[in-house]
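The values are calculated or read from the model by the stated rules, or taken from the named source; none is laboratory data. The shown structure was predicted, so the numbers you read here are calculated from the model rather than taken from an experiment. Methodologically, a virtual Cβ is constructed for each residue, glycine included, from the backbone with ideal geometry; neighbour enumeration extends over all protein chains shown. Surface areas here come from the heavy atoms of the whole protein model, side chains and all, with no ligands, DNA or RNA. Shrake-Rupley method; radii C 1.70, N 1.55, O 1.52, S 1.80 Å.
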Amino acid sequence: MEKCYLMTAVVLLGLTVRWTVSLNSYSANLCTSCRYLLPGAGKPPMFGDYEAQRHWQEITINLPIKQWYFNGSDNNLQYWGLDYPPLTAYHSLLCAYVAKFINPDWIALHTSRGYESQAHKLFMRATVLIADLLIYIPAVVLYCCCLKEISTKKKIANALCILLYPGLILIDYGHFQYNSVSLGFALWGVLGVSYDWDLLGSLAFCLAINYKQMELYHSLPFFCFLLGKCFKKGLKGKGFVLLIKLACTVVASFILCWLPFFTEREQTLQVLRRLFPVDRGLFEDKVANIWCTFSVFLKIRDILPHHIQLMISFCFTFLSLLPACIKLTLHPSPRGFRFTLVSCALSFFLFSFQVHEKSILLVSLPVCLVLREIPFMSTWFLLVSTFSMLPLLLKDELLMPSVVTVIAFFIACATSFSIFEKTSEEELQLKSFSISVRKYFPCFTFLPRIIQHLYVGLLLPWPLPRSTGSGSAGPAAMAHGPSRSAACGIFLDRGMNPCPLHQQADSQPLCHQGSPEGHSFDSETSNLFIFIFIIT
Amino acid sequence: MAALGVATGGGNWFSALALGVTLLKCLLIPTYHSTDFEVHRNWLAITHSLPISQWYYEATSEWTLDYPPFFAWFEYALSHVAKYFDQEMLNVRNLNYCSSRTLLFQRFSVIFTDTLFVYAVHECCKCIDGKKAGRELTEKPKFILSVLLLWNFGLLIVDHIHFQYNGFLSGLMLLSIARLFQKRHMEGAFLFAVLLHFKHIYLYVAPAYGVYLLRSYCFTANKPDGSIRWNSFSFLRLISLGLIVFLVSALSLGPFLALNQLPQVFSRLFPFKRGLCHAYWAPNFWALYSALDKVLSVIGLELKFLDPSKIPKASMTSGLVQQFQHTVLPSVTPLATLICTLIAILPSIFCLWFKPQGPRGFLRCLILCALSSFMFGWHVHEKAILLAVLPMSLLSVGKAGDASIFLILTTTGHYSLFPLLFTAPELPIKILLMLLFTIYSISSLKTLFRKEKPLFNWMETFYLLGLGPLEVFCEFVFPFTSWKLKYPFIPLLLTSVYCAVGITYAWFKLYVSVLTDPPVGKTKKQ
C-alpha cells in the first residue's frame, strides 16, 4: 500500500477536527433535550447530556449493579437516570474507574452533581476521542479500504468525507454523546456481514444494540440480509447450519451483556422499561419527521389518545419498511443491504414513536456508506441532516464550529466526487423512480433540475441565524414547492402501489434499491423545509 | 456559497487545499493564545488612539511597539475595522482586555491577512519547474509544495494558536522570491523592501537579496566560465533599485525623521538589553554552548574545581527574559554574536557572488543566511526557524538531497516549537498536527524521490525517531517524577539541546551541499 500515508493523514485530520471542535462548549446549563423537567422553579439547571454521562459514571461506580436502573435514595431516576442498555453502563463504569484515579471528586456520590471544571471537561472529551479512535475510526478506514472497483485515491477521498461528517462530530464532540461507539459497532457489523464473516458481524451488531437501543433502527436489514443469505444457501443444508450458528451468537452475546440483570425477573423488566419509555410523547420538541411536520396542520398529539398514536406510528413504520425488507430477503446483496439500511433507518426516523432529533445520525451512518454510489443525494442528505440539528447546536453555542465543519464537509465531498457534474437521472440512480412517476404524471421530466435548484436553496439559508428566517424563506419556499409535490408522488407510489417497483426489480436489480431511498430523500428535505421555516 | 461550490467543483485542488486550511484555522479560534495576543491588541490601541508622534514613546503597557513603522500602519488600518467589533479593545489603558468579540476580530484578522500568503504560495507553485510530472495529482511537485506551505505546522501553531502575523509576512517574502524567480527583479526588490519595514527580523536575509540583485541583475552578462564580466555593469539598474529601496524607506521612516524621533524608533527596534537566549532556549549554537557550560559547572562542582559561592544564581531557563552569565565558559556579548553571525553568513555570500546559479542559488543563500543568523544570533526566538523552513520547502521538491535536509530541519524545527504550547487542551492538537505534517511531508517526498537513494541514512532515521520518546518523556513521564519541582527546566533543556543538534546538522549539511555543488555550467555539460 503506497498510499498508506495519505490514509494516515486523513485519519489524523479527522482527529484534529474532532479535538478542535471539542474545545467548544458542551450541553451545559441548558435543558437541551428537556426530557426530565423537575416540578417547580428555582431548582438548579438540569444541564445536558454531558451531565448525564457524568452522572452515570457516578451511579455505576458507587452503587451495586442491582440498583443501577432502580429508583432509590441514592439513585434519583428523575435526575438523568440510566436509560441506555447495559453496555453503556459498563462503559460508564470503566470511565468512572479512570476518573476515580485522576480525581475522586468528579464522581463522588451526590456531591458531584453538576460538577464542571476545565480538567473534567478535558477528561470527558478525551474519553469520547479514545472511544472513537478505538471503535468508529478503524471501522471507517477498514470499510473504505475494502471497497471494490475504485482507485486508492477514491477510497481515501471516501474515508475523508465519512470522517468529516459534521453531524456526528458536532453531536459527539460538541453536544457530548458517545454515538461513535454504537455507530462504530454497527459499522463493524455491516463490514462483517458484507464480507461473509457473518458471526463476527452479528456479534458486533449485538454489541451495538446493547450499547444503544436506538440501533434497533438498523436491526431489520441485518435480520433480513442474514435470513436471505441462509435462504440462498438452502434452508435444508448449509443455510440451516448458518442460521443456527447465527442464532447462537446473538443469544450468547445478549446473555453475556445482560448477565447481571438476569438474576431476577424484576431486574430485566425494569431495564426494559427504562429503555423503552412508551409513555413519552409521539415526538420530542423539534424533530424533522412526519409527525412533527404534520402537527403544524393538525395537533395529533392532543387529538388522538396515546395508544392510538402508538398504533398509527407502528403501522406506518411497518408499512414503509416492508417493501425494502422483502426485496432484501429475496435478493440479498451487500449493496442492497446498504441501501435497505438507509431506507429502514429513514422509515423509523420519519414514522416511528418517540423520535429524537439526534436519531438522524442513525440514518446518516448508512447514507455515508452509499456516499460513493450516489454522491449528490448523499451529500445533500448529510448536509440537511446536520442542518436539522441546528436548533440543538445553537443552544449549545456551536454555531461557529457547525458552519465551519459543514463547509469543510461540503468542500471535501464536492472535490472528491465532483457532485455537480453527475446530476443526470441515471447518475442519481433515480431512473426507475422517475419512470414510475411518469406513469402518473406524464409531465414529470424536470427532476434533476429541481434537485439542482433545491441544492442552492438548501445552501442559502445556512449562515443566516434563525431570526432572519423571513429573509431567507423566499427562495427556499420557492424551491420546496416542487419538492413537496414530488414527495406526494412518492407516497402514492409507495403506499398504494408497491408492485411496479418489484416488476422493475427484475429488469434493473441494482437501481431498484436506489429508488425508494431516493423518495425518502425528497420527502425528508421537503419536511425539513416546511418544518424549519414554519417553526422558525 | 454557490460560488464556492463552482470554484471547487471543477476539481480545483489548490482552492480546496487553501479553503480547507482556512477552515481549520477557524476551528482553532477558541484555542489558547499567548501574551502576543495582548501585544497586538495593545498596538491596535496605541496606533488607533494616539497621534503618530506618541507611537514609539507610549509605554503604559510593558508590550511597547517594537516593530517598524509599516507594521504600525498595518495595525492602524486594522483598528479601523476593529472599532466595529469592540470599541473597548482600542483603549490603551485597557490592559489584558479580551472579550469574545476582540478574540474573534484578532483571530479573523490573522486568517484574513493570510490570503496574501495563499496568493504567494500560488505564485511559488507556478515558478517551480516540476522536473518530473507525476502521473497522479498527489505525486506532482506542485501539489506537494502547496501542501507543505499552506498546511505548514509551524505557521499554524505560531499564528493561529500562539498568535502572530507571520502568515502574511512570510507571504510577502515568498512573493518576492517568486518574483525573482519570474525575473521580475524590481518587483521582488520592492516587496522585500516593504517587508523589511514590516518586520526587521528579515534583515537577516537582506545580504542574500543585496548580493543577488547586484550580481545577477546589475551585471547583465557573465563570461563563459561563469565568472563576472565587469563591463556589463548597468548603472541604470543599480539606480532604479536604489531608488526603490530609498522611496520605501522614506515612506516608512520619513515621518519619524521629520519628528526627529529616529533614535527612539531604533532603540525600540533593536533592544540589545535583552539576554542571549529567549525565554525558551531556541535550538541554536548558543543552546549547545550554554548546555555545555551547565554540564561543565555541574562536573566542576562535583569535583570541587569550582567555588559554589562564586557561581551566579540566575538560572537560564527560569522562564524570564533576563541577563545571564556563563559560569565556566566565557560569557557571550552581543558583539561576539554579531561577529559569529557575519562569519557564518560570509561563505554563502561569497558563493552567491562567485558561483551564481540563478534564482535557485539565491534561494539557497537566503536559507543559509536565515539559518546562520538563527544559529548564532543574539536573543533568537525559536519561532525564527520559520524564516528558514518556509523557503526551504521550495527547494525540497526539486532535489532529493535538499528534500533530506528539509525534512530534518523542518521536523526538528517544528518540534522545538512544542514548548510554545504548554496547556493541556492544546496538547492533542499540537501532537496530531505535527504528526499530520511530518508524516505527510516525509512520505510524499519519499514517493516523489522514490527512484533515487533513500532520503535518510540510519543515523538520521534514528535521530528523527528519537523525537518520539523525547516527547513522551517530556510531556507524559517527567511531570509525574520527583524531579518536576527540583529541576522544572529539564524538559525545555532537553528539547532545545536535542533539536539544536538536528538543526546544526541540517545547517552544516546544507552548507556543505552549497559549497561543493558544481556551478550551473558544469552540470549542464554533464
- Task: Give B:Ser404, B:Ser372 a once-over and let me know the one that is at pLDDT below 95 and under 16 Å from the mean Cα position of the chain (by Cα).
- Result: B:Ser372
- Checking A:Val181 against (1) assigned to a helix (DSSP H, G or I); (2) without any contact (Cβ under 8 Å) to a residue 60 or more places away in the chain, which single condition isn't satisfied? (2)
- Message: For the range B:224-246, give me each residue that is open to solvent by less than 100 Å² (accessible area, probe 1.4 Å) and over 17 Å from B:Lys355 (Cβ atoms).
- Response: B:Ser232, B:Phe233, B:Ser234, B:Arg237, B:Leu238, B:Ser240, B:Leu241, B:Gly242, B:Leu243, B:Ile244, B:Val245
- Task: Restricting attention to the range B:15-47, report how many residues are in a helix (DSSP H, G or I) and within 12 Å of chain A (Cβ to nearest Cβ).
- Result: 13
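Only one of A:Ala126, A:Ala186, A:Ala157 is within 19 Å of the chain's Cα centre (by Cα) and among the small types (Gly, Ala, Ser); which? First the steps, then the outcome.
Working: A:Ala126 fails: within 19 Å of the chain's Cα centre (by Cα); A:Ala157 fails: within 19 Å of the chain's Cα centre (by Cα).
Just one listed residue meets the conditions, A:Ala186.
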- From A:Phe316, A:Phe339, A:Phe348, grab the single residue that is part of a helix (DSSP H, G or I), touching a residue at least 12 places away in the same chain (Cβ under 8 Å), of a type in the set (A, V, I, L, M, F, W, C) and open to solvent by less than 10 Å² (accessible area, probe 1.4 Å). A:Phe339
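Among the residues of the range B:445-460, which ones are within 13 Å of B:Phe406 (Cα to Cα) and open to solvent by less than 20 Å² (accessible area, probe 1.4 Å)?
Within the range B:445-460, the subset within 13 Å of B:Phe406 (Cα to Cα) is B:445-446, B:455-456, B:460.
Residues satisfying the conditions are B:Leu445, B:Leu455, B:Glu460.
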- Which ones in the range B:421-436 are open to solvent by 10 Å² or more (accessible area, probe 1.4 Å), hydrophobic (A, V, I, L, M, F, W, C) and touching a residue at least 40 places away in the same chain (Cβ under 8 Å)? B:Leu427, B:Ile431, B:Met434, B:Leu436
- If you go through B:Leu191, B:Leu214, the only one that is within 30 Å of B:Tyr165 (Cβ to Cβ) and out of contact with any Pro (no Cβ under 7 Å at 6 or more places or on another chain) is B:Leu191
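In the range A:47-96, what residues are hydrophobic (A, V, I, L, M, F, W, C) and in a helix (DSSP H, G or I)? Give the steps one after another, and end with the answer.
So in the range A:47-96, the residues hydrophobic (A, V, I, L, M, F, W, C) come out as A:47, A:52, A:56, A:59, A:61, A:63, A:65, A:68, A:70, A:77, A:80, A:82, A:87, A:89, A:93-96.
A:Ala52, A:Trp56, A:Ile59, A:Ile61, A:Ile65, A:Leu87, A:Ala89, A:Leu93, A:Leu94, A:Cys95, A:Ala96, listed by residue number.
Please go through the range B:88-133 and give me each residue that is β-branched (Val, Ile, Thr), open to solvent by less than 70 Å² (accessible area, probe 1.4 Å) and at pLDDT 90 or above, ordered by number. Show your work before the answer.
As a first pass, look at the range B:88-133 and keep what is β-branched (Val, Ile, Thr): B:92, B:102, B:110-111, B:113, B:115, B:118, B:121, B:128.
Restricting the remaining residues to those that are open to solvent by less than 70 Å² (accessible area, probe 1.4 Å) gives B:92, B:102, B:110-111, B:113, B:118, B:121, B:128.
The answer is B:Thr102, B:Val110, B:Ile111, B:Thr113, B:Val118, B:Val121.
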- Item | Scope the range A:88-106; condition within 14 Å of chain B (Cβ to nearest Cβ) and open to solvent by 60 Å² or more (accessible area, probe 1.4 Å); matching residues | A:Phe101, A:Ile102
- Task: With the condition kept exactly as written, say whether any residue in the range B:200-215 is in contact (Cβ under 8 Å) with a residue 60 or more places away in the chain and touching a Gly at 6+ places or on another chain (Cβ under 6 Å).
- Result: no
- Task: Would you list the helices (runs of 4 or more DSSP H) that sit entirely within the range B:62-178 and hold 3 or more residues that are within 26 Å of B:Pro271 (Cβ to Cβ)?
- Result: B:69-85, B:100-127, B:153-157
- Inspect all residues belonging to the range B:412-434 and state whether any of them is more than 14 Å from chain A (Cβ to nearest Cβ), touching a Leu at 6+ places or on another chain (Cβ under 6 Å) and either within 25 Å of B:Ser513 (Cβ to Cβ) or of a type in the set (Ser, Thr, Tyr) (or both). yes
- Query: Considering the range A:169-183 alone, what residues qualify as being closer than 12 Å to A:Arg18 by Cβ and open to solvent by 10 Å² or more (accessible area, probe 1.4 Å)?
  - Reply: none
- Applying the selection to the range B:51-87, what residues are open to solvent by 10 Å² or more (accessible area, probe 1.4 Å) and of a type in the set (A, V, I, L, M, F, W, C)? B:Ile52, B:Ala59, B:Trp63, B:Phe70, B:Trp73, B:Phe74, B:Ala77, B:Leu78, B:Val81, B:Phe85
- Item | Single condition A:Pro277 does not satisfy, out of (1) outside any helix (DSSP H, G or I); (2) open to solvent by less than 10 Å² (accessible area, probe 1.4 Å) | (2)
- Note on the structure: From the option list A:Leu109, A:Leu129, A:Leu122, single residue qualifying as open to solvent by 40 Å² or more (accessible area, probe 1.4 Å) and assigned to a helix (DSSP H, G or I) is A:Leu122
- Query: Which residues, taken from the range A:207-257, are assigned to a helix (DSSP H, G or I), open to solvent by 20 Å² or more (accessible area, probe 1.4 Å), under 20 Å from A:Leu330 (Cβ atoms) and not aliphatic (A, V, I, L, M)?
  - Reply: A:Ser219, A:Phe223, A:Lys229, A:Phe231, A:Lys232, A:Lys233, A:Lys238, A:Phe240
